[in-house]
Structure formats: structure tokens, C-alpha cells
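Structure, as C-alpha cells:
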Amino acid sequence: MIEVQDVRKQFGTVQALGGVSFSARDGQITALLGPNGAGKTTLLRTLVGLLKRDHGSIAIDGVDPEKDPLAVRRNIGFLTDQFGLYERLSTREYLNYFGELNGMGGPTLKQRIDEVAELLQMDDILERRAKGFSQGQRIKVALARTLLHRPRHLLLDEPSRGLDVMSTRALRHALSALRAEGCCVIMATHVMQEVTQLCDDVIVIAKGHTVAQGSPDELCRRTGIANLEDAFVSLVGTEEGIAA
Amino acid sequence: MRPKFLIVFQKELRETLREKRTLALLSLFTLMYPLMLGYLLNQEIKRATKPERDGVEIAVIGASQAPTLISQFKQRSITVKDPGPLDEAGISALLQARTYPAVLRLSDKFGENYAAMRPARIELWYDSADENGKRRRDVEDVLEAYGANVASARLLAHGVSPATLAPIQVQRFDTGTNASRSAVLIGSILGVLFLPVFICGMSTAVDSTAGERERRSMEVLMAQPIRAWELVVGKWLTSATLAIVGVTFELGLAHAILSWLPLEEIGMSWSLNWADLVMVCVATIPLCLFAAGLQVALAMNAKSFKEAQSVLSFVMLVPLIPGVVVSMMELKTATWMYMVPMLSNQTLLREMAKGIDVGALPFVLTFACSALCALLAVGFASWRMKSERYVLSV
């Protein structure tokens, strides 16, 4: 359960977050929709305690990331817009490293790596070094790292970019399984089809403000537009407004 | 559970050891430098000991006109060869071939002028670019002595005491012992002997901070349940370990080579034993820690590998400055020198090479001052990594 109440963040004169409020429930996949520059990255960084907010409150299972960032991070899987792979380490060594950083070790860790590898269908690259991996292979490794320590919360920044059809299906499968286990998943994405197919809840942010929250159907009903993409555009503002 | 910084340390070390560039640098500086040093000193020794075995050989054109002079050369074990009449170009060619340190040419009228007691001319040809200055001076000494002898004999024949020609008498005393003369030479060698401290760990320090930032994996790492100082310490220790290993091997090899060479032959001394060397190596560990800490603290602020590298190669020159200043101003060894990192290590090794018993204080100061600087550097790096401005620019 992630609860965000009127969070604001200012860098110099730039208001990156001007008041973001939402709650993402356990056992649901929540989409985070917003045009580029809406403040998604800042929001995610604030959630893991890398940035300090100026105003408002954040509670992740009741814990404030500003007060106890390590406890929050132990319970979060964070997939950034960068994969963060090490070219000179094999996938297994990479996963071992992050597993150990999250307090895992021994046979439990080994078993969990095999589990995750199977879930994401990446057995073939487990013993290979990351140099020369394709985009799809890279994101799989990064995803495996995100899921490794069985976090209760997942913050995913465009997890399906660069994946082929088979891998996208595998990813969707994995996310559904996590939802069934009761995880709280927040997924920033630009693919509307994914939102309609996968997500239970949608948060729309624009220019650092929450514009709307609700299920895809609710958003369509509220705007009176049947198509989610058009509904999103109307919520964010005019098309010209986005371009500017 | 293992401490987090050890996990980071282990991963960084594994990654580093897989990188060929780092290993090449390490082996280059641990092996090449002592070997090069040994080779150069060995050449020096060979040159210095050569004259005693072979004697000097000079060419004298028109030697038959001055048999007494020639016999005096022979007494001083200077062999004389007569190459026959030569012009200037021929003499230059002879000198350039480096077979003779000097060529003497007696003018055709030498014998005639000598007999008539007019100054008889001898031309001394030499190449000042050649390094045979000492042997040339031997030749000049013989010429001078010969001239003085002849003058004395002529004065005596006129009933004048030769002592009138020598109003003063110069006697030379050289107080420079082998050890103190070697201080200058050893001092310049030592300046560079500790350089691997700053080189061996550099590429790791850069790669694990600026490199990680450039590859955009730093943000992921910082979002893990690990404190900023644990990350910094892990990376710092990796870089320091390489520096420690590198400089210890290099000092060991340099010590083996310097003790094996007959350094007395060129007026140098290396009076260290292996126990002394171990002490020096231990006192150098904090310098490695400081160098690594400084490199991590600086490199983490650079946005790319290249930027960090150019900043660091510039900063690497800074620790050499105190050593250069001290030797330029010819300062006497003082206690404060043991408080300046790098300079302290150079001073310590120099004093010990001279065979001076320095006592415990210099070791303690050398150790403690570098250790303090290392802690400051790591503290700064940790503080910097925690700051929001750093997170934003990652």
C-alpha cells in the first residue's frame, strides 16, 4: 500500500511536483500516466527516499521513506529508466550482488535466482556476461533484479519498452502473478493497450499535479470519451499544450 | 550477514580484475619501473667502473715530437695512439665515434718552439656532449703537471726557486660520503618510487564512480537498501587495495634490485634491510588509502570517465609538488616533513636509505597524517553522495 498526500518538490525555481496525491492498493497494478516531463521520475525517486519532499506525506506500508529509507527500499523493487547492468559481470553474478545488497544469501538466494530466471524465461543468459546483450535481454535482467528480493511494492518505469511479443507476454504474466500474490505495483507507461489490459487503477499526472485517479473505465466515463488514449489527452490538456 | 561495504568491495574487485586495462597498468608500474631503474643504475655503474679496468685511451697527433709528455701519459695509465695527421673533420669524426675522450694535436713547430723556450702549442679537442668529462680532466691534469714540471726545471736552471710560481697551494678535501652524495640521486628516484600509489588504483576509482554514473547504473545502486557511506567505503577499499598491492610489489622489487646492485661504485647507498622495507610499506598503506579516497571523492563528481580521468591526472601531480619544492629549496630534513602525505614517505625512505636510524616518531607521523587525510576524503565523498544535488545529477 502506497499512500501519497499532496507531495511537492521544488528545484530552484522549477516546481517539479506541485501537489501529487494518490493511493496505490495492494493486489492491484496501478498505471502512472503522464507526458514526458510531468514529474514521474521525480515522484519515483521521492518514493524510494533518494529525494526529500518539500511538503506533504508519503507512507509505504505505513513507513515514511524520508525517516527510514533502508526499510522502505528493502520492500521496494525499483526499475528505473536505466537498467544499470555491469558488462563484466554475468547475469547470475549481477543478481547475486543485488540479492546480497538486499540481505539475501546462500542457497535461498540461489534458488530465488533460478525461480526468477524461469519466470522471465531467461535461463539462456544466466551464465553470460552482460556485454552484448540485446535491449530485451537487458530489461529482463533488470526486471529479474527488481523482483529478486520478493518486494511487496514494485515501481516500474516503462518495463515493457524494447521487449518482443513473447517477452511482453511473459512480463504481463509475471505482473499478473505478482498481483495475485498481493503485491502493490506502480507502473509508468506510455502504452495505452497495456493499461487497458493489465491495470486496475490509473493515476494521471501532468506538470507535477495529479489530474485524475480511477480505473480505466471510470476515466473514460468521467471524460465522456470511449477511447482511453483520447481520454488521457483530454485530462492532461490540449494536444498543443502537451507539445509545448 | 556480511557488512554491505564488503559486498560492494567484493563486486568491484571482481569487476576490476576482469578489466585488462587496469591489470596492464598495475603490472606496468610494479614491474617496469623498478626494472628500468635497475637497468639505468647498472649502466651507470658499468660506466663508472670501466676506466679502472681499461685505462683511458687518447689519440695524439704528432706524438713523436714530445716523447717526455707521452711517457708521462703512460705513467698515469693513459694509453696514447697516433692516428697520423688529421684535419678538423677527421678529428670530429674520431671524437664522435666515442673511441677517445680527447684528441691532442701537436703543431708541426712544437719541437722547434719547445727547444727555443717559446710557448709550444698543443690543441686539445673534445666533445662536451660526451659524458667522458672525468677522463678528459685526467688528460688535462697530466698536461698541466707536465707544463708545471718543465717550468720548474727552467726556473731552477736560471737560479730561481720554482716556489715563486706557486703563491698559493690548493688542496682539495671532499667531505661527501657515499651515503650523503647518494641522497641527491636517491632523492630524485624516490620521488617517483611512490607514484604507483596514485596510479594503480586510479582507473578503478574512476570506473566505479564516474564510470558507473556514465553507464547510468549509479541510480539503481543508490536505490538499494544500502547507506551512502557503505557504497563509498566499498569502492574506496577496492581502489586502495590495488594501490597497496601495486606499491608493495614495486617497493619490494625495487629493494631487491637496489640491494643487489653494487651501488657503492657510483657513490650511492641503499642501507635498508627487509625489515626496514616492511616498515616503510606499512607506513605507506595510509598513503594508498588517502590517494584512493581522494580519487573516489573527485571522480564521483565527474559526469564521465573521460572527465574524471583528466581531472585526476592533473591532481596526481599535486602530491609530487612538496617533494620537488623541498629538493629545489634544499631544505634540511625536518619533523614537519613527516606530516605531509607523500613527502613524508619520500623523506622517510630517503633517510633510511642513507642509513640513518630515524626512530619511531617519523613512522607514526607518516602513518597518522595520511590516515587522517584518508578519513577526511572518504567522509567528504559520503556526505557528497548523500546530498540531493548528487542524486539529481546521477
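The phi-based Karplus calculation (6.51 cos²θ - 1.76 cosθ + 1.60; θ = phi - 60°) puts the 3J(HN,Hα) values of the stretch B:230-244 at 5, 4, 4, 5, x, 5, 4, 5, 4, 5, 5, 4, 4, 5, 5 Hz, whole numbers, x for Gly and Pro.
Of all segments of chain B bounded by GluC sites (Glu not before Pro) found in a DSSP loop with no more than 13 other C-beta atoms within 10 Å, the longest spans B:132-329.
Between the listed residues A:THR189, B:LEU13, A:LEU95, the Cα displaced farthest toward the positive end of the dipole of the protein assembly as shown, a dipole computed from Cβ unit charges relative to the Cα centre, is found at B:LEU13. Taking the Cα centre of the stretch B:1-135 as origin and assigning +1 to Lys and Arg Cβ atoms and -1 to Asp and Glu Cβ atoms, the resulting dipole is close to 980 debye. Hey, what D do you get for the protein assembly as shown in µm²/s if you plug the Kirkwood alpha-carbon radius into Stokes-Einstein at 25 °C and 0.890 mPa s? Using the Kirkwood radius from Cα pairs, D works out to 79 µm²/s. With no solvent and one point on each alpha carbon, what is the Debye value of log10 I(q)/I(0) for chain B at q = 0.13 Å⁻¹? Normalising to I(0) and taking log10 leaves -1.04. Taken over the stretch B:55-165, the alpha-carbon convex hull comes to 108 cubic angstrom per residue. Sequentially through the stretch A:82-98, phi angles give Karplus couplings (6.51, -1.76, 1.60; θ = phi - 60°) of 10, 7, x, 8, 10, 5, 8, 10, 6, 4, 5, 5, 4, 5, 4, 4, 6 Hz, Gly and Pro residues having no value and appearing as x. May I ask which residue of A:LEU154, B:ASN149, B:LEU28 lies farthest towards the positive end of the charge dipole of the protein assembly as shown, with charges of +1 (Lys, Arg) and -1 (Asp, Glu) on Cβ and the Cα centre as origin? Working it through, the farthest residue towards the positive pole turns out to be B:ASN149. Ranking B:GLN75, B:GLY133, B:ALA97 by how far each Cα lies toward the positive end of the dipole of the stretch B:55-165 (charges on Cβ) leaves B:GLN75 at the top.
Against chain B, whose longest principal axis is taken from its Cα atoms, helix B:343-353 shows a tilt of about 50°. Counting only alpha carbon atoms, the long axis of helix B:178-193 and the longest principal axis of chain B meet at about 40°. Springs between Cα atoms under 10 Å define the GNM used for chain B, and in it the highest mean-square fluctuation of B:THR30, B:THR68, B:THR22 occurs at B:THR68. Taking a sphere under 11 Å around the Cβ of A:LEU109 and counting the other residues whose Cβ falls inside, with K and R at +1 and D and E at -1, yields a net charge of 0. Compared with the direct C-alpha span, the chain from B:SER393 to B:ALA48 gains 118.2 nm at full extension, assuming 0.36 nm per residue. Charge tally for B:VAL232 (other residues, Cβ to Cβ under 10 Å; Lys, Arg +1; Asp, Glu -1): +3.
To the nearest ten degrees, helix B:4-17 and the longest principal axis of the Cα atoms of chain B are 50 degrees apart.
Amide H to amide H, with H built 1.01 Å from N, B:ILE61 comes under 5 Å of B:LEU104, B:ARG105, B:LEU106, counting only residues 5 or more places away or on other chains. Rounded to the nearest Hz, the phi-derived 3J(HN,Hα) couplings of the stretch B:83-100 under the Karplus curve 6.51 cos²θ - 1.76 cosθ + 1.60 (θ = phi - 60°) are x, x, x, 9, 8, 4, 4, x, 5, 4, 4, 4, 5, 5, 6, 6, 7, 10, where x marks glycine and proline.
Inter-part distance, the stretch B:108-160 to the stretch B:193-231, computed on C-alpha centroids, equals 71 Å. For the pair the stretch A:58-92 / the stretch B:3-79, the C-alpha centres are spaced 56 Å from each other.
Quick check: Cα centre of the stretch A:4-43 to Cα centre of the stretch A:121-150, how many Å? Between the Cα centres of the stretch A:4-43 and the stretch A:121-150 lies a distance of 28 Å.
Rounded to the nearest 500, what is chain B's calculated 222 nm mean residue ellipticity when only DSSP H runs of at least 4 contribute -39500 (n - 2.57) each, over all residues?
The helix contribution divided over chain B gives -20000 deg cm²/dmol.
Ordered from longest to shortest, the equivalent ellipsoid semi-axes for chain A are 30, 21, 17 Å, each the square root of 5 times a Cα gyration tensor eigenvalue. Which lysines does B:LYS81 reach when only Cα atoms under 29 Å apart count, and residues fewer than 8 places away in its own chain are ignored? Straight-line reach from B:LYS81, under 29 Å: B:LYS46, B:LYS50, B:LYS109, B:LYS134. Spread over its residues, the convex hull of the C-alpha atoms of the stretch A:83-150 is 73 Å³ per residue.
Read-outs: derived from the displayed coordinates by stated rules, not from any lab. For clarity, every value in this text was computed on a predicted model and none was experimentally measured. Neighbour counts are summed over all protein chains in view; Cβ atoms, including those assigned to glycine, are modelled from backbone coordinates with ideal geometry.
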